[in-house]
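Student: Here it is, the structure, as structure tokens.
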Number of protein chains: 2
Amino acid sequence: MAENGLVQRDKVLTLESMNPWIKKVEYAVRGPIVKRAVELEKELQKGVKKPFTEVIRANIGDAHAMGQKPITFLRQVSALCMYPELLDDPNFPEDAKQKARRLLDACGGHSVGAYSASPGIELIRQDVASFIEHRDGGIPSNPDNIFLSTGASDAIVTILKLLVSGEGRSRTGVLIPIPQYPLYSAALAELNAVQINYYLDEENCWALNVGELRRALHEARKRCHPRALCIINPGNPTGQVQSRKCIEDVIHFAWEEQLFLLADEVYQDNIYAEGSQFHSFKKVLFEMGPKYSGAVELASFHSISKCFMGECGFRGGYMEVINMDPAVQEQLTKLVSVRLCPPVTGQILLDAVVNRPQPGDPSYERFNQEKQAVLSALAEKARLTEETFRQAPGFHCNPVQGAMYAFPRIHLPPRAVKAAQAQGQAPDMFFCRQLLEETGICIVPGSGFGQKEGTYHFRMTILPPLEKLQILLQKMCQFHVKFIQEYS
Amino acid sequence: MAENGLVQRDKVLTLESMNPWIKKVEYAVRGPIVKRAVELEKELQKGVKKPFTEVIRANIGDAHAMGQKPITFLRQVSALCMYPELLDDPNFPEDAKQKARRLLDACGGHSVGAYSASPGIELIRQDVASFIEHRDGGIPSNPDNIFLSTGASDAIVTILKLLVSGEGRSRTGVLIPIPQYPLYSAALAELNAVQINYYLDEENCWALNVGELRRALHEARKRCHPRALCIINPGNPTGQVQSRKCIEDVIHFAWEEQLFLLADEVYQDNIYAEGSQFHSFKKVLFEMGPKYSGAVELASFHSISKCFMGECGFRGGYMEVINMDPAVQEQLTKLVSVRLCPPVTGQILLDAVVNRPQPGDPSYERFNQEKQAVLSALAEKARLTEETFRQAPGFHCNPVQGAMYAFPRIHLPPRAVKAAQAQGQAPDMFFCRQLLEETGICIVPGSGFGQKEGTYHFRMTILPPLEKLQILLQKMCQFHVKFIQEYS
């Protein structure tokens, strides 16, 4: 009996009785360190004294939260669709109005409040297909193969869901890079599929090495049925940009080993390093000729959350599927229909991205200026971050060729490793926690992404405004020096 | 070898190799009949002659698609947040601006393009909690128990995911009403949980009968581990509104039998029948005293897609969880973090709904007028639909007490049943298909929602504009007469 005289009953849903696969899910990007950062923010607001005056969230690729301004044209089209009375407002440019009218005509009842078709508004799927064709130098894209989504994560999980089957040794295995973006490990845990790790080559600028793919695959075949291979290019958290040659090798490997390819290409505009260039898997596949382009099953993913847009809050994205069995594609269509449709506001913004102002349009110059300003600022910050860590003792940082992150390796003294272990913490978590408590800088330990045993890293975004980023980098280096001294 | 000289290879992902549980998923609301409706629309556009001039989609609760206008205030707040330059526009009312500023202050970087906290923006969760408290006559609501979602479907699936575990006879079973909204059967199929049907009492205005709940539960205990009970109130597709007494009985039953309750209350404003009233499960639970309110685990769901808003395209909603084991609630928080956050645009619109204009605010009158206009029009259409079917021979239609649908039973002659079976179709699908081909009216066969063996129904929305609805109902009755004659 409890104090109030009521019988204490067992809950129906407890840690013991709940879905065991959900318990295995981990997602470091919003894990305990971020929870602590939120607490610290609240303490600061309450006037609690700290050795810092603000928490800087460099843990997640959230550009607007770090002060990046939205691209005016994207928001104009969105606002016009949201509140069509604005179509009479002379302050909005004519091309934005024209695009908004065209989009509203494609919405049920001319309202963004209507459900769309489950794979997305047909007109927008056509616009996405044209965008892909243009991007890939004319290689055709079929709107029927485009599925709009609630951010890229949603689409990735949907494809993984289709791929999962079997029990015991015939359970589906999926190859993912290590370090990885933890959506992959989380989704595979939830679906009770086998995660097969292939390691990116840190000594070689995080390159993807087909020999390593082969090793991972062959070992995995002893315990599961490997059926899919995930690639993240440009890399998250590692920031490398794959060479064309490497992509060809991967496609050949997938062809040879009968693997379904998932190409996560959400950072395709975020290329900073000289000599680096984005090549889509779709384009390379088709350039390799019909032996490959008629055979290799591929799903590629894009999003409005990254690149120059950074519109994470809208939860918009798309995937293109290539060579999918038509009967499976029907199942995919059915599956997405259960959730009715992706957010129409995200679809609208996606359209404004893929069907952007062209030379001669009233919004062309401003759009391009704003886009270039974002991308140049990111390139500068990528260089600054990489250089700072390269010069700082105790860090090893590969070039940030693309994406929005640096993933430096850090030296942690054996005494720090022991102190962490004594507290039951991963050593890089131990480091990141102390960094947060002392400087207010919130970054994610490498252990949340996976790393070679005995190495320690962290992921930080390059998104804070330049002046803030400079201070942040300085503080981190100073903290590391102090940390090393403390534990030496 | 194929004609082009290339070796034909097996696909990696085929109907045989794909996830078997996905194959079992069915979702009639967007099933084959809707696919055919889309084809017919395209044929009409191309000028193909048909016995009708437009397809009327009465298959889905999509108010704006059927011509319902958005509530001005909701869209004003949304547009202001989308494009903050409008905060200087004198054409927007001051209270909308004030609310938009407050919401932007709660967004990362003052942008709806930033990710929010995974359970939703904290300020909005507080507003939702206040709204619930007010709705439920002061019973407290804790913002920590509010999780914003991507429409109600997303939240429902999330809770079901947590509940699923076990193998064979200890597999999780979930009680759902028949007829049901097919999201439930689809989610349970995908999660490989056991669907336990309890039948609503058609002869008694689709009432929920606890004797029937008990029968279903006890039978199911032989084959699975029943752990949860889903209720849809007001009913979808059946349109009934549960009495307070019935809700008490259900809560007592859940308490007695240790079941986790899922209360789908997305139609809570859509009450039309005299004497009917919406009672939230939360309120009744707390009014039953601490024996129940401290014990019964409950998740209740709401959405911006229905009621007077009809903003389906925004994919916004929330759930409130009560008496959830704190350790499980932490797992829930972790699980929603993997998808980063619900669409911020949907969160913003939800806030404008729960934190609506109050007496004295500039937008109060217009908001209320628009809201009342929508709800009165729906009430009138509910009456018209119900009366028409009640008077038409061959139909049996319960009162449309709430929600947005009629679910009449139809008489189908034995020869029609045989003709359908000869084509491998459910008899009511056979009826609905012919109706579509001959009149352009798209409705969903009862078999897509479940019904007692040997009975036939369909679900149609009451959403078309009154004049159109009148014609639609006439046409349906005429078609049914003709159909009966043809197959007698």
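Student: If I ignore ligands, DNA and RNA and count only protein heavy atoms, how much of B:Ser488 is accessible to a 1.4 Å probe, in Å² to the nearest 10?
Tutor: Number for this one is 90 Å².
Student: Of A:Val174, A:Met309, A:Tyr199, which is farthest along the charge dipole of the stretch A:162-311 in the positive direction, counting Lys and Arg as +1 and Asp and Glu as -1 at C-beta?
Tutor: About the Cα centre, the residue reaching furthest to the positive side is A:Val174.
Student: Taking B:Glu54 in one copy and the same position in all the others, each labelled 7 Å out along Cα→Cβ, what are the pairwise distances from the first, in nm, shortest first?
Tutor: Spacings between copies for this position, smallest first, are 5.3 nm.
Student: Which FRET efficiency, nearest 0.05, do A:His218 and A:Lys24 yield, Cβ-Cβ r, R0 30 Å?
Tutor: FRET efficiency, A:His218 to A:Lys24: 0.75.
Student: On average over all directions, what projected area in square nanometres does the protein assembly as shown have, based on the convex hull of its Cα atoms?
Tutor: Projected over every direction and averaged, the Cα hull of the protein assembly as shown covers 41.2 nm².
Student: While we're looking at this one, here's another question. Through the Karplus equation 6.51 cos²θ - 1.76 cosθ + 1.60, θ set to phi - 60°, convert the phi angles of the stretch B:20-33 into ³J(HN,Hα) values in whole Hz; use x for Gly and Pro.
Tutor: x, 6, 5, 4, 6, 5, 10, 8, 5, 4, 10, x, x, 5
Student: Name the residues whose placed amide hydrogens come within less than 5 Å of the amide hydrogen of B:Tyr198, ignoring near sequence neighbours (fewer than 5 apart) on the same chain.
Tutor: Answer set, sorted by chain and number: B:Ile176, B:Ile178.
Student: In nm, to one decimal, how far is the B:Arg171 label point from the A:Arg390 one, both placed 7 Å along Cα→Cβ?
Tutor: It is 5.8 nm.
Student: Once phi is turned into θ = phi - 60°, what whole-Hz ³J(HN,Hα) does the Karplus curve with 6.51, -1.76 and 1.60 give for every residue of the stretch B:81-97, x standing for Gly and Pro?
Tutor: Values, residue by residue: 6, 5, 9, x, 3, 5, 4, 8, 7, x, 7, 9, x, 5, 5, 5, 5 Hz.
Student: Could I ask something else about it? Setting aside same-chain residues fewer than 8 positions from B:Lys291, which aspartates and glutamates have a Cα under 15 Å from its Cα?
Tutor: The reachable aspartates and glutamates, counting only those whose Cα sits under 15 Å from B:Lys291, are A:Glu3, A:Asp10, B:Glu248, B:Asp249, B:Glu256, B:Glu257.
Student: Per DSSP H run of n ≥ 4, the term is -39500 (n - 2.57); total these for chain B, divide by its residue number, and report the mean residue ellipticity at 222 nm rounded to 500 deg cm²/dmol.
Tutor: -13500 deg cm²/dmol
Student: Right, another one. In square angstrom and rounded to 100, what buried accessible area do you get between chains A and B, total over both, with the probe at 1.4 Å?
Tutor: For A against B, buried area totals roughly 8100 Å².
Student: Calculate the spin-label point distance for B:Asn209 paired with A:Leu466, positioning each point 7 Å from the Cα along the beta-carbon direction, and give it in nanometres.
Tutor: 7.6 nm
Student: Sticking with this structure for a sec: Put a point 7 Å out from Cα along the line to Cβ at B:Ser488; what are the distances to that point in the other copies, in nm, shortest first?
Tutor: 10.0
Student: Starting from the Cα of A:Lys482, draw a straight line to each of the aspartates and glutamates and keep only those under 20 Å, dropping any in the same chain fewer than 8 residues away.
Tutor: Answer for A:Lys482, where 20 Å is the Cα cut-off: A:Asp428, A:Glu437, A:Glu438, listed by chain and number.
Student: Now a separate question. Take the residue pairs B:Lys99/B:Lys468; B:Lys46/B:Lys475; A:Lys69/B:Lys97 and return only those whose Cα atoms are more than 26 Å apart.
Tutor: Over 26 Å apart, Cα to Cα: B:Lys99/B:Lys468.
Student: Tell me the net charge near A:Met66. Cut-off is 9 Å between Cβ atoms, A:Met66 excluded, with +1 for each Lys or Arg and -1 for each Asp or Glu.
Tutor: That sum, taken over residues with Cβ under 9 Å, equals +1.
Student: Counting only other chains, what is the mean number of Cβ atoms within 10 angstrom of the Cβ of each residue in peptide B:103-112?
Tutor: Average neighbour count from other chains, rounded to a whole number: 5.
Student: Taking every pair of distinct Cα atoms and averaging 1/r, then inverting, what Kirkwood hydrodynamic radius in Å comes out for chain B?
Tutor: Result for chain B, one decimal place: 24.1 Å.
Student: Moving on. From the cross-link list B:Lys245/B:Lys371; A:Lys23/B:Lys161; B:Lys42/B:Lys306, which pairs have alpha carbons spaced over 18 Å apart?
Tutor: Over 18 Å Cα-Cα: B:Lys245/B:Lys371; B:Lys42/B:Lys306.
Student: A further question on this structure: Count the DSSP beta bridges whose two residues both fall in chain A, then state the antiparallel fraction as a percent rounded to the nearest 5.
Tutor: 50 percent
Student: What nm distances, shortest first, do you get from the label point of A:Ala422 to those in the other copies when the point sits 7 angstrom along Cα to Cβ?
Tutor: In ascending order, 8.6 nm.
Student: Now for a different question. How far apart, in nanometres, would the label points at A:His252 and A:Gln478 be if each is projected 7 angstrom from Cα along the Cα-to-Cβ direction?
Tutor: Roughly 5.2 nm, to one decimal.
Student: Once amide H atoms are placed 1.01 Å from N in the peptide plane, what residues at a sequence separation of 5 or more from B:Gln258, or on another chain, have their amide H within under 5 Å of its amide H?
Tutor: Under 5 Å from the amide H of B:Gln258 lies no amide H from a residue far enough along the sequence or on another chain.
Student: Okay, next question. Can you give the longest stretch of chain B with no exposed loop site, where a site means trypsin sites (Lys or Arg not before Pro) in a DSSP loop (not H, G, I, E or B) with at most 10 other C-beta atoms within 10 Å?
Tutor: Longest site-free region, per DSSP loop and neighbour criteria: B:223-488.
Student: Place a +1 charge on the Cβ of each Lys and Arg in the stretch B:50-166 and a -1 charge on the Cβ of each Asp and Glu, then give the dipole magnitude about the Cα centre in debye, rounded to the nearest 20.
Tutor: The calculation lands at about 400 debye.
Student: How much of the DSSP beta bridge set in the protein assembly as shown is antiparallel, as a percent to the nearest 5?
Tutor: 50 percent
Student: Another question, if that's okay. For the stretch B:365-373, in order, what is each residue's ³J(HN,Hα) by Karplus, 6.51 cos²θ - 1.76 cosθ + 1.60 with θ = phi - 60°, in whole Hz (x at glycine and Pro)?
Tutor: 5, 4, 4, 5, 4, 5, 4, 5, 4
Student: For Cα pairs less than 8 Å apart in space and 6+ apart in sequence, what is the mean separation divided by the residue count of the stretch B:1-150, i.e. the relative contact order in percent?
Tutor: 11 percent
Student: Taking the Cβ of B:Ala263 as the center, what net charge do the other residues with Cβ under 10 Å away carry, scoring Lys and Arg +1 and Asp and Glu -1?
Tutor: Computed value for this residue: -2.
Student: Using alpha-carbon pairs under 8 Å, 6+ residues apart, how would you state the relative contact order of chain A in percent?
Tutor: Computed over chain A, the figure is 21 percent.
Student: If you rank B:Glu287, B:Glu202 by how much accessible surface each has, with a 1.4 Å probe, what is the order from largest down?
Tutor: In descending accessible area the options line up as B:Glu287, B:Glu202.
Student: I'd like the GluC sites (Glu not before Pro) in the stretch A:394-488 restricted to DSSP loop residues with at most 14 other Cβ atoms within 10 Å, sorted by number.
Tutor: Taking the stretch A:394-488 and a limit of 14 other Cβ atoms within 10 Å, the loop GluC sites (Glu not before Pro) found are A:Glu453.
The values are calculated or read from the model by the stated rules, or taken from the named source; none is laboratory data. Remember, predicted model here, so these are calculated numbers, not experimental data. With ideal geometry, Cβ positions are generated from the backbone for all residues, glycine too; neighbour counts draw on all protein chains shown. In case anyone asks, the SASA skips ligands and DNA or RNA and just uses the protein heavy atoms, side chains included. Shrake-Rupley method; radii C 1.70, N 1.55, O 1.52, S 1.80 Å.
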